[in-house]
1. Out of Gly273, Phe30, Tyr195, whose Cα points farthest toward the positive end of the dipole of the chain (charges: +1 Lys, Arg; -1 Asp, Glu; placed on Cβ)?
2. Show the residues, 5+ positions off or on another chain, whose built amide H is closer than 5 Å to the amide H of Asn150.
3. What size of dipole, in debye to the nearest 20, comes out for the chain about its Cα centre when the only charges are +1 on Lys and Arg C-beta atoms and -1 on Asp and Glu C-beta atoms?
4. At 0.890 mPa s and 25 °C, plugging the Kirkwood radius over alpha-carbon pairs of the stretch 229-294 into Stokes-Einstein gives what diffusion coefficient in µm²/s?
5. Name the long-range amide H neighbours of Asp126: under 5 Å, sequence gap of 5 or more, or other chain; modelled H, no Pro or chain starts.
6. Mind checking which of Tyr113, Ser260, Gly143 is farthest towards the positive end of the chain's charge dipole, using Cβ charges of +1 (Lys, Arg) and -1 (Asp, Glu) about the Cα centre?
7. Around Val117, which amide H atoms from residues at least 5 apart in sequence, or from another chain, sit under 5 Å from its own amide H, with H modelled in the peptide plane?
8. Modelled label-to-label distance, Arg286 and Lys148, 7 Å Cα→beta-carbon offset: nm?
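Just so you know, all these numbers are worked out from the coordinates, no wet-lab data involved. In this text the structure is predicted, and so the values were computed from the model without any measurement. All Cβ positions, even for glycine, are placed from backbone atoms using ideal geometry, and neighbour counts span all protein chains on display.
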Amino acid sequence: MINLNKQIILLLSLVMLLAFSVYSDADVQFVLPDPVVKNVPFHFDVQMKSSEPVARIQFYVTGEKQGVVFQKSMVGTWLSGTTINQNEVQDSGHVWKFNIGPKGTINDKSDSYKNVVTLWSKVSTDDSLKLQGKDDLVAKFPGGESIKINSVASSFVVKDSICGDGVVGYLADGVTPEACDTKINPEGCSKDCSYIEGTHKIQGSGSLALAPQCALGARQGECVLVKLEKLDLLSAKLDAIFGLKTNGTPGCFPYKDHPSIKEGKGFCIVKEGVAQQIPELLKALRVFYNININ
């Protein structure tokens with residue numbers, strides 16, 4: 001009977017030990033955007049959760065087929081304020097090393113996933129993101145004891161860039177960048193995504209002439225087109241009418257080579273004087289004051 005009790009106690013101890021071991025692991029996941037577009041920059045989050053307080057995180061992120069090329073990063077919310085030892089690209093861009101902490105008594109834990117680092121990358125073929133599996137560690141606090149990292153590779157399918165796919169990518173030739181995307185901005189973006197309408201500009205920019213296209217890889221909320229208010233529209237036109245440069249560069253609205261100029265909705269002033277400037281000035285004032293002259 002005593003031996004049976006000992007066996008039961010031993011079995012319960014083993015079950016509790018196993019449960020505690022699983023509970024103590026750190027879990028890492030990758031959060032990818034959709035779609036991932038061929039040769040267009042995209043960013044994804046490396047997130048982690050750990051019920052145990054940790055003072056150090058180190059891992060190596062790579063593509064299973066070595067097709068992912070890493071470019072830059074932004075540190076997340078784990079271990080805020082601690083020492084960033086390495087946050088850099090290695091192996092000709094195919095591996096990203098991240099190593100943070102320890103610093104003093106700073107530690108962190110979370111029962112839900114929190115962002116460790118956001119990585120920007122490019123890829124041309126289908127691949128899977130994974131931890132390299134060598135020298136990846138999470139160190140507990142206190143004591144510095146290492147915790148096992150559980151992670152599963154995240155596969156993705158690379159798609160060709162298409163106007164309206166929700167990503168500012170490339171036009172049909174695969175070389176020329178799109179200026180915008182109709183899914184991101186149904187208003188203000190041309191139907192073929194090749195230019196931004198002269199009636200709009202990128203939010204936060206001075207004018208369409210200064211920022212004629214969205215950044216390559218921009219997604220929802222990353223490049224917002226806003227319609228020009230009447231005063232902004234008039235100001236942009238006046239800048240073009242009276243903005244002829246001394247080096248002979250014409251003053252154009254919205255900007256030189258914008259398709260609307262060929263359609264007669266825009267203009268270029270190539271020479272100062274009544275013949276060119278006054279007619280466009282009158283047109284601009286009529287639009288501003290909503291004056292129709294048949």
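1. Most positive-ward Cα: Gly273.
2. Ala26, Asp27, Val28
3. Here the chain has a charge dipole of around 400 debye.
4. Answer, rounded: 203 µm²/s.
5. So Asp126 has HN proximity to Val158.
6. So the residue we want is Ser260.
7. Answer set, sorted by chain and number: Val46, Gly76.
8. Rounded to a tenth, the inter-label distance reads 7.8 nm.
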